[in-house]
């Protein structure tokens, strides 16, 4: 899990509240960050400073965020907020986009929840949240989405799923085991054309059966020099507080033999 350097939250709020008051609370956008109310605005901006602090040893707080991001090579930051279906927690995510010859992004997330009347913030290795499901044992399933451009001719769409569990006033975020690794995958652009019958990639959760279904395709031309496509379609089942791989089918199309 990514380790985050932290700064006093109260200091962030004081600095940001002062800024908003001096500007008449009219600022609605921060590098493409859009917030709906003043409270969320303060929370988001405090996380922006924490993100910046993670990427540099020192921060000149006299500079505005635009100047700080420019120094770090960050072009845009996009903010999303996702809430658990029962309101137990919210996940704040910042997607920081940097561009050189082509663009890529980094993701920073924090889970905010109420513990006996006190708000807590938990840094988590989660990308842009696509869904949150409450399941048994006071656990939650979180699915997310991200993207990347590892080469000029290659872009990928990535997905993963994680478990959020509460025990008293504390929470943990754990990965789902998958083939001696963690459940996450990326699909290269264009490979879906080999499997027009599948709406790849996807992760879907069936709340009635508590099964997690996924489907994604890969092509090995760029990384391995082999023009071969694969399609993986599988299912996890929830058992004893975690998701266990139930089955997986792999379809192979070898374009080199066509």
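Multiplying the residue separation of residue 72 and residue 202 by 0.36 nm and subtracting their alpha-carbon distance yields 43.5 nm. Taken over the alpha carbons of the stretch 184-258 as equal point scatterers, the Debye sum produces base-10 log I(q)/I(0) values at 0.12, 0.17 Å⁻¹ of -0.39, -0.68. Between residue 136 and residue 189, the FRET efficiency estimated from the beta carbon spacing at R0 = 22 angstrom works out to 0.05. Taking the fewest neighbouring Cβ atoms within 10 Å as the starting point, the ordered list for 50, 157 is 157, 50. Summary of packing: across the peptides 77-83, 133-139, the per-residue average of other C-beta atoms within 10 Å ranks them, highest first, as 77-83, 133-139. Here the residues 166, 243, ranked from fewest to most Cβ neighbours within 10 Å of their Cβ, fall in the order 166, 243.
Just so you know, all these numbers are worked out from the coordinates, no wet-lab data involved. No experiment lies behind these values; they were computed from the predicted model shown. Cβ sites come from the backbone with ideal geometry, for glycine too, and all protein chains shown count toward neighbours.
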